[in-house]
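Colleague: This is the structure I want to talk about, given as structure tokens.
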Amino acid sequence: MRSTTFKLVVVALVILAAFAACYFGARWFSAAIPEGGGELAWLQTEFRLGDGEMQRIRQLHEGYMPKCEEMCARIAAKNGELNAALGGATNVSAEVRQKLAEVAVLRAECQAKMLAHFYEVSHAMPPAQGARYLAEMKRLTLGLHARQEESMTGTNAHVRP
Amino acid sequence: MSDEVNPSEDARLRARLREAHPADELPPGFKNAVWRRIEQTNENEQPRWIDAVAVWLFRPRFALASLAAVMLLGTLLGLAAGDASKDSAQALYVMAVDPFQKQP
């Protein structure tokens, strides 16, 4: 092979190797989740959990999922009832009030069950990781609803001077 | 004076010359081998643009700057890919456990 071409090929390979090393190193450093790891892959990677901890958490998760599915179905049904009560209404009827109250009760019940599951999962982790998990899950679930509510009251748009 | 050469004298001259400078017999196919090597040399001549690129690339400052840029780009893309995969995996878990965020 000609000398210049050979040198260019070597340079290209060195550049490619440097790029690949930096890319995969950075991915590993940022704790990238492997593809197809399932619903619990994030927990294992983010909280650096061992196999024993993951086995316990997997059991808890599998036990919780049917309850979660049931709650989903109840929420969907209750939302359907609320929408039916709202359909064609020109004011807030007694039925609408009742459905809104039922939705609120159901929402509180679901949130309580969800929180109970988060506590159980956090107890299956080392204490520091469990505390971080709890904080993160509150932020991602309850925090989302709280932010929506704060966005309604955070401005003075509805406050008269 | 005549320029014409007597063929018999020419043959004699050649014979004398061969005697004065004896040469070994050439191996068979020698001429073909010579032409082949000349053709190969022509084929191996490097185009000028490769030399120009090589000179440009092999300057130390440029080489170091390029390497640093490639490493920086790789690192940034790797971090971005890691964050993206983490976000999607996190969303997958949250959607699984939060009945209010489940897909209908």
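Colleague: Please state which one of B:82, B:78 is at pLDDT 85 or above and either open to solvent by less than 30 Å² (accessible area, probe 1.4 Å) or at the interface with chain A (Cβ under 7 Å from one of its Cβ atoms) (or both).
Modeller: B:78
Colleague: Now a separate question. Please specify each residue of the range A:60-77 satisfying the condition of being more than 14 Å from residue B:100 (Cα to Cα) and not charged (D, E, K, R).
Modeller: Selection gives A:60, A:61, A:63, A:64, A:66.
Colleague: Select from the range A:78-91 the residues that are within 16 Å of residue B:99 (Cα to Cα) and open to solvent by 50 Å² or more (accessible area, probe 1.4 Å) and list them in ascending order.
Modeller: Matches in the range A:78-91: A:79 only.
Colleague: For the structure I just gave you, tell me whether residue A:94 is small (Gly, Ala, Ser), assigned by TED's automatic domain parsing to the domain that holds residue A:137, under 22 Å from residue A:140 (Cα atoms) and surrounded by fewer than 18 Cβ atoms within 10 Å (Cβ to Cβ).
Modeller: No: the conditions fail for residue A:94.
Colleague: Restricting the range A:108-128 to residues that are farther than 19 Å from residue A:68 by Cβ and either open to solvent by less than 40 Å² (accessible area, probe 1.4 Å) or among the aliphatic types (A, V, I, L, M) (or both), which is farthest from the chain's Cα centre (by Cα)?
Modeller: Going through the qualifying residues, I end up with A:128.
Colleague: In the range A:61-77, what residues are surrounded by 15 or more Cβ atoms within 10 Å (Cβ to Cβ) and either modelled with pLDDT of 90 or more or outside the structural domain of residue A:127 (by TED's automatic domain parsing) (or both)?
Modeller: If the condition is that a residue be surrounded by 15 or more Cβ atoms within 10 Å (Cβ to Cβ) and either modelled with pLDDT of 90 or more or outside the structural domain of residue A:127 (by TED's automatic domain parsing) (or both), then A:61, A:64 are the ones that fit.
Colleague: Determine which single condition residue B:62 fails, assuming it passes every other condition in (1) within 7 Å of chain A (Cβ to nearest Cβ); (2) open to solvent by 30 Å² or more (accessible area, probe 1.4 Å).
Modeller: The failed condition is (1).
Colleague: Is the range A:18-41 home to any residue that is facing another protein chain (nearest Cβ under 10 Å) and in contact (Cβ under 8 Å) with a residue 40 or more places away in the chain?
Modeller: There is no residue in the range A:18-41 that is facing another protein chain (nearest Cβ under 10 Å) and in contact (Cβ under 8 Å) with a residue 40 or more places away in the chain.
Colleague: So which pairs qualify, if the first residue must be in the range A:49-70 and closer than 13 Å to residue A:121 by Cβ, the second must be open to solvent by 80 Å² or more (accessible area, probe 1.4 Å), the Cβ gap must be under 6 Å, and the two must be at least 6 apart or on different chains?
Modeller: Partner pairs satisfying both residue conditions: A:60/A:120.
The values are calculated or read from the model by the stated rules, or taken from the named source; none is laboratory data. Model, not experiment: these values are computed from the prediction. Reconstructed Cβ throughout: ideal geometry from the backbone, glycine too, with neighbour counts over all protein chains shown. SASA here: full protein model, heavy atoms, side chains in, ligands and nucleic acids out. Shrake-Rupley method; radii C 1.70, N 1.55, O 1.52, S 1.80 Å.
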